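J.: Could you have a look at this structure, given as structure tokens, before my questions?
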Amino acid sequence: MRLGVNIDHIASIRQIRRATAPEPVFAAFLCEAAGADSIVVHLREDRRHIKERDLYLLKQVVETKLNLEMSLASDIVDVACDVCPPQVTLVPERRQELTTEGGLDVVGNRKRIGRVIDKLKRHNIMVSLFIDPVKYQIDECLKLRVKMVELHTGRYAEARTDSNKRSRLSELARAASYAHQRGMVVNAGHGLDYYNVPAVVKIKCIEELNIGYSIVCRAALVGLEQAVREMKELIRSHSCL
Ligand code: PXP
């Protein structure tokens with residue numbers, strides 16, 4: 001199972017002082033040196049952490065895969081079509097939220113999402129949709145001929161009781177297998193950390209995990225390369241493959 005490292009919060013630290021450090025490009029370089037399989041950034045509509053400038057630089061230096069998370073906003077779609085990262089992950093976005101709160105409602109926004117997907121595909125960008133792990137959203141993705149989804153692991157990560165964790169985990173496993181059987185590449189992420197990741201790693205048909213906050217938190221104590229290496233090792237050691 002691959003690891004995509006989301007480096008948004010390296011840019012959040014820079015933003016606290018409206019400064020020039022730490023530099024997300026250097027962070028990307030260290031993550032890749034430590035074994036990250038892709039670099040993930042979210043260009044938010046309010047530009048609260050990652051800026052256009054970061055995106056253009058990252059496009060030039062990332063050697064693994066640059067995965068741009070973004071909303072359906074037309075100005076952001078225009079930036080994506082100009083930068084042309086190899087992959088875009090479409091996510092819902094609300095100005096006031098601290099972080100992405102739920103999956104995209106593909107059922108309720110089918111036409112708009114379809115138009116954005118078509119535009120991105122015309123620029124040879126692979127499109128993934130960030131959705132809740134439920135069958136009806138996967139079915140809607142299939143109707144749009146989406147080839148890749150990222151399942152939202154937030155509800156699993158937030159579960160507090162053992163029984164709730166178990167049921168959220170089986171919801172994830174069912175959704176992953178349903179999408180995988182229908183030919184989709186299945187990724188997952190949100191709220192994953194060094195404690196809750198092993199159970200997700202055991203879900204065989206998930207190909208990539210995208211993890212940000214917990215890695216940057218650990219990096220503040222042990223350094224970014226060490227934090228990425230530890231997560232890679234956890235994923236490797238719990239993987240069934
Ligand atoms: N995947 C998606 C689609 C996200 O929006 C985020 C948060 O930016 C992540 C993964 C990473 O979540 P976290 O920072 O909680 O690890």
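J.: Defining a contact as two alpha carbons under 8 Å apart and six or more residues distant in sequence, what relative contact order in percent does region 99-241 show?
T.: After rounding, I find 19 percent.
J.: Taking amide H atoms as placed 1.01 Å from N in the peptide plane, list the residues 5 or more away in sequence, or in a different chain, whose amide H sits under 5 Å from that of residue 43.
T.: 69
J.: What residue among 210, 198, 156 has its Cα farthest toward the positive end of the dipole of the chain, where the charges are +1 on Lys, Arg and -1 on Asp, Glu, each on the Cβ?
T.: It is 156.
J.: Residue 51: which lysines have alpha carbons under 16 Å from its alpha carbon, excluding same-chain residues fewer than 8 sequence positions away?
T.: Candidates past the 8-residue exclusion: 59.
J.: While we're on this one: I'd like to know which of 60, 175, 100 lies farthest towards the positive end of the charge dipole of the chain, counting +1 on Cβ of Lys and Arg and -1 on Cβ of Asp and Glu.
T.: Result: 175.
J.: Evaluate the relative contact order of the chain (contact order divided by residue number), counting alpha-carbon pairs under 8 angstrom at least 6 apart; express in whole percent.
T.: Here the relative contact order equals 20 percent.
J.: Quick check: at a probe of 1.4 Å, how many percent of the accessible area of the chain sits on carbon and sulfur atoms?
T.: Here carbon and sulfur together make up 52 percent of the probe-accessible area.
J.: Mind putting a number on the dipole of the chain about its Cα centre? Charges go on the C-beta only, +1 for Lys and Arg and -1 for Asp and Glu, and I need it in Debye to the nearest 20.
T.: Its charge dipole is roughly 500 debye.
J.: Just how large is the dipole of region 69-151 about the Cα centre, in debye to the nearest 20, putting +1 at every Lys and Arg Cβ and -1 at every Asp and Glu Cβ?
T.: 480
J.: Additional query: In units of 2.2 N^0.38 Å, what is the alpha-carbon radius of gyration of the chain?
T.: Normalised by 2.2 N^0.38 Å, the Cα Rg of the chain equals 0.95.
J.: On to the next question. So, R0 is 25 Å and r is the distance between the beta-carbons of residue 105 and residue 160; what FRET efficiency does that work out to, to 0.05?
T.: Here the calculated transfer efficiency is 0.45.
J.: How much length is gained if the chain between residue 57 and residue 115 is pulled fully straight, taking 0.36 nm per residue apart and subtracting their Cα-Cα distance, in nm to one decimal?
T.: So the chain would gain 18.1 nm between residue 57 and residue 115.
J.: Further question: Once you've got the Cα coordinates, tell me which of 135/202; 121/143; 65/135; 121/232 are over 23 Å apart.
T.: Exceeds cut-off: 65/135; 121/232.
J.: Could I ask something else about it? Rounded to the nearest Å, what's the spacing between the alpha carbon centres of region 86-148 and region 1-74? Just the number, please.
T.: Centre-to-centre (Cα) distance: 20 Å.
J.: Something else: Once you mark the chymotrypsin sites (Phe, Trp or Tyr not before Pro) that are in a DSSP loop and have at most 16 other Cβ atoms within 10 Å, what is the longest gap between them in the chain?
T.: After excluding every exposed loop site, the longest remaining stretch is 1-193.
J.: What residues qualify as long-range amide H neighbours of residue 148, i.e. H under 5 Å apart, gap of 5 or more or another chain, H built at 1.01 Å from N?
T.: The answer is 129, 185.
J.: Using a 1.4 angstrom probe and counting only protein chains, how large is the accessible area of residue 105 in Å², to 10?
T.: So the heavy atoms of residue 105 present about 70 Å² to solvent.
J.: I've got another one for you. Hey, got the dipole for region 1-106? About the Cα centre, +1 on K and R Cβ, -1 on D and E Cβ, debye to the nearest 20?
T.: Using only the charged Cβ atoms, the result is roughly 380 debye.
J.: In addition: Using the beta-carbon distance between residue 145 and residue 15 and R0 = 30 Å, what value does 1/(1 + (r/R0)^6) give for FRET efficiency, to the nearest 0.05?
T.: 0.20
J.: Compare the peptides 147-154, 59-66 by average per-residue count of other Cβ atoms within 10 angstrom and give them in order, highest first.
T.: 147-154, 59-66
J.: Something else: Would you mind getting the accessible area per residue of region 1-63, heavy atoms of the protein chains only, 1.4 Å probe, in Å²?
T.: 46
J.: Using all C-alpha to C-alpha distances in region 10-127, build P(r) with 10 Å bins and read off the rounded percent in each one.
T.: In order of increasing distance, the bins hold 13, 44, 35, 9, 0 percent.
The values are calculated or read from the model by the stated rules, or taken from the named source; none is laboratory data. Since the structure is predicted, the reported quantities are computational estimates derived from the model, not experimental observations. Ideal geometry is used to build each Cβ from the backbone, glycine not excepted, and the neighbour counts take in all protein chains shown. Note: accessible area is taken over every heavy atom of the protein model, side chains too, but ligands, DNA and RNA are not part of it. Shrake-Rupley method; radii C 1.70, N 1.55, O 1.52, S 1.80 Å.
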